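Rule-based calculations on the coordinates, nothing more; no lab input. All of these numbers come straight from a predicted model, not from anything done at the bench. Positions of Cβ are generated from backbone atoms using ideal geometry, with glycine treated the same way; all protein chains shown enter the neighbour counts.
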Amino acid sequence: MDERVALLLLHHLFPEWAIMPDGSGVWRAIGRILISAPDLDGLMESLAVADPDAVRRAASLLAESGRLRTG
């Protein structure tokens, strides 16, 4: 997925987090805590630990839109 598209999707799915890549390729999320990860997958794993409720809401939104298959 294009990085810009991923960023737009993440902003929609996680509105309580400020999510951005920095100039050196590190992904950051600022919410109740600061998360840094070397790639988008790592950021998502860290978000799941830091804010599992937000990840469940995001998965629910994706499932409702038909973008995520559950079960």
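Our summary gives segment 3-64 a relative contact order of 22 percent, counting only alpha carbon pairs under 8 angstrom and 6 or more residues apart. Of the options (i) 0.96; (ii) 1.18; (iii) 1.25, only one is Rg/Rh (Cα atoms, Kirkwood Rh) as computed from these coordinates, and that is (i).
The trypsin sites (Lys or Arg not before Pro) found in segment 14-65 that occupy coil by DSSP, while having at most 14 further C-beta atoms within 10 Å, are Arg32. For Ile19, the amide hydrogen comes within under 5 Å of the amide hydrogens of Ile30, counting only partners 5 or more places away or on other chains and with H modelled in the peptide plane. Against the chain, whose longest principal axis comes from its Cα atoms, helix 40-50 is set at around 70 degrees. Highest mobility in the GNM of the chain, judged by mean-square fluctuation with C-alpha springs under 10 Å and restricted to Gly31, Gly42, Gly23, is found for Gly23.
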